[in-house]
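Undergrad: Here you go, one structure.
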Amino acid sequence: MLLRHARGTLDLTQPVVMGVLNVTPDSFSDGGHYLDPGRALEQGLRLVEEGAQIIDVGGESTRPGATPMDSAVELRRVIPVIRALAQRCPVLISADTSDALVIEQAVDHGAGLINDVRALQKPGALAAAARSGAAVCLMHMRGEPATMQQKIAYESVLAEVRAMLAARMAACVAAGIEAARLCVDPGFGFGKQLAHNLELLRHLSGFAQLGVPIVAGLSRKSMLGALTGRTPTERLAGSVALATIAVLNGARIVRAHDVAATVDAVRVAWAVRGGS
């Protein structure tokens, strides 16, 4: 299984880990740690050393209750980091953004993947991604981060999430983004309650019907707080457990803050699943 992106292809014959690098003051787990571009570069290089094959750079917090980000602020945060990482890292650089201008400039400065929690639904984002040649991760989210955890209701979370992702894939293909450039993320914690997250994880393999790689972003999520009572920085064991389950259920990209431990878990889970 290969994912085509703006810099080449990513081999997903076996699952890989996407390292999280938030250059924001207010992300739920590591906000404020890497606002300085130099520190962000050091952390990105550290994640690569730990085994990450993708570095996901985000300049807008999308935690529950977060407010929208101005394009200019987001660009100031992410472009120096993406440019520096692209010059120093042999791995795929991802831009965690929904903004059309940020998509264009991120790819111009070295990103090969766009990881969009809004699935290219903001004005201009779909066209920008199509022009860029980048791979795209389409994520499911209801509403906006500021309100997504309010009035949550699904008749069938599996069917509704899968239908939305299928519709966004069709929109991408119609806009000129071939399926070989797409992957999908069911959006754990984005407009879902604990029961919905667990249901999606149990049946993650069902998303393989969409025909593209599955991305699982479970690291340090609030569902672990509900299950264990631990704070975000205390959720390593729970995050590793969820990463293992995700791979056993078909995930090919696992997004993680704690890369070294997650890489080990992914390798073991892949071997158990029957991979080489």
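Undergrad: Given the criteria within 27 Å of Ser156 (Cα to Cα), free of Cβ contacts under 8 Å to residues at least 60 places away in the same chain and not in a strand (DSSP E or B), does Ala167 qualify?
TA: Details: within 27 Å of Ser156 (Cα to Cα): yes; free of Cβ contacts under 8 Å to residues at least 60 places away in the same chain: yes; not in a strand (DSSP E or B): yes.
For Ala167, the condition - within 27 Å of Ser156 (Cα to Cα), free of Cβ contacts under 8 Å to residues at least 60 places away in the same chain and not in a strand (DSSP E or B) - is met.
Undergrad: In addition: Just to be sure, is Gly229 at positive phi and either buried (at least 16 other Cβ atoms within 10 Å of the Cβ) or in contact with a Lys or Arg (Cβ under 9 Å, 6 or more places away or on another chain) (or both)? Before you say what the answer is, go through the steps one by one.
TA: On the way: at positive phi: yes; either buried (at least 16 other Cβ atoms within 10 Å of the Cβ) or in contact with a Lys or Arg (Cβ under 9 Å, 6 or more places away or on another chain) (or both): no.
Criteria not met by Gly229.
Undergrad: Among the listed residues Gly124, Gly112, Gly133, Gly59, which satisfies the condition of being under 14 Å from the mean Cα position of the chain (by Cα) and either more than 25 Å from Lys192 (Cα to Cα) or free of Cβ contacts under 8 Å to residues at least 12 places away in the same chain (or both)?
TA: None of the other options fit; the residue is Gly112.
Undergrad: What tally of residues in region 70-79 results from selecting those that are under 22 Å from Glu42 (Cα atoms) and assigned to a loop (DSSP other than H, G, I, E, B)? Can you show your working first?
TA: Here is the first cut: in region 70-79, the ones under 22 Å from Glu42 (Cα atoms) are 73-79.
With the extra rule that they be assigned to a loop (DSSP other than H, G, I, E, B), the set shrinks to none.
Number satisfying all stated conditions: 0.
Undergrad: In region 252-271, is there at least one residue being in a helix (DSSP H, G or I), within 17 Å of the chain's Cα centre (by Cα) and modelled with pLDDT under 95? Steps first, please.
TA: Taking region 252-271 first, the residues in a helix (DSSP H, G or I) are 259-271.
Imposing the further condition that a residue be within 17 Å of the chain's Cα centre (by Cα) reduces the set to 259, 262-263, 266.
From the residues that got through so far, the ones that are modelled with pLDDT under 95 too are none.
There is no residue in region 252-271 that is in a helix (DSSP H, G or I), within 17 Å of the chain's Cα centre (by Cα) and modelled with pLDDT under 95.
Undergrad: Continuing with the same structure: I'm trying to understand the selection: among the residues of region 170-202, which are assigned to a loop (DSSP other than H, G, I, E, B), in contact with a Cys (Cβ under 9 Å, 6 or more places away or on another chain) and under 15 Å from Gln121 (Cα atoms)? Full working, then the answer.
TA: Taking region 170-202 as the starting set, the residues that turn out to be assigned to a loop (DSSP other than H, G, I, E, B) are 176-178, 186-193.
From what is left, the residues that are in contact with a Cys (Cβ under 9 Å, 6 or more places away or on another chain) are 178.
Selection gives nothing.
Listed here are the residues, each with its yes/no results for (1) out of contact with any strand residue (DSSP E or B) (no Cβ under 6 Å at 6 or more places or on another chain); (2) modelled with pLDDT under 95; (3) at positive phi.
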position: Cys89; (1), (2), (3): yes, yes, no
position: Ile93; (1), (2), (3): no, no, no
position: Gln105; (1), (2), (3): yes, no, no
position: His109; (1), (2), (3): yes, no, no
position: Leu120; (1), (2), (3): yes, no, yes
position: Arg131; (1), (2), (3): yes, no, no
position: Ala135; (1), (2), (3): no, no, no
position: Met141; (1), (2), (3): yes, yes, no
position: Pro145; (1), (2), (3): yes, yes, no
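The values are calculated or read from the model by the stated rules, or taken from the named source; none is laboratory data. Model, not experiment: these values are computed from the prediction. Heads up, the Cβs are rebuilt from the backbone with ideal geometry, glycines too, and the neighbour counts pull from every protein chain shown.
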